[in-house]
Amino acid sequence: MSGPTTRMRSALGRVRHHGASGEGTGHFIAIRWTSIALALLAPWFVVSASLAIRDGGYLATIDFLTDPFNAVGTILLVIASLYHMSLGMQEVILDYIHRPFTKVALLLINAGVPLVLGAGAVFAVLSLNFGV
């Protein structure tokens, strides 16, 4: 009853999408998509902010961030940049930190700090727009 099991998948099919870390290509693709998003959002932000905030004043900055299009673009830029940073730092930690406790601690910090910074930035932009 417990005879030899036959597998219908080839050796390549069994290992596909599992890379050295077992996570597959998802991490690689996420870094590429955030890179594309940042390549579009960062120049947009620099150009539109420099054109809208010519005098560098506080009120001009508030006016820039209270425009709904600029607010959404700024939130997307913050989220994409912090996620891209977190993915890159995770790659560095996994590749170059060899002590297990240090690796786990740094991975937890890497998960927490961008989350807190992103939540604060999104809250700041939304509080400007909705007057919370």
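Summing Lys, Arg as +1 and Asp, Glu as -1, what charge do residues with Cβ under 12 Å from the Cβ of Ala60 carry, Ala60 excluded? For residues surrounding Ala60, the net value is -2. Gain on full extension, evaluated as 0.36 nm per residue between Ala111 and Leu126 minus their Cα-Cα distance, stands at 3.1 nm. Placing a pseudo-label 7 Å from each Cα along the Cα-to-Cβ vector at Phe69 and Ser50 gives an inter-label distance of 1.9 nm. Largest accessible area first, the listed residues His84, His98 line up as His98, His84 when surface is computed with a 1.4 Å probe on the assembled protein chains. Estimated at 0.36 nm per residue, the fully extended path between Ile62 and Trp33 surpasses their Cα-Cα distance by 7.5 nm. Legend: residues Ile79, Ile53, sorted from most to least accessible area (1.4 Å probe; ligands, DNA and RNA excluded), read Ile79, Ile53.
Shape class for the range 69-132, computed from the alpha carbon gyration tensor (a ≥ b ≥ c): oblate, with a/c not under 1.5 and a/b at or below b/c.
The values are calculated or read from the model by the stated rules, or taken from the named source; none is laboratory data. Please read all numbers here as calculations on a predicted model, not as lab measurements. Virtual Cβ from ideal backbone geometry, glycine too; neighbours counted across all protein chains shown. Side chains are part of the model used for accessible areas, which takes the heavy atoms of the whole protein and leaves out ligands, DNA and RNA. Shrake-Rupley method; radii C 1.70, N 1.55, O 1.52, S 1.80 Å.
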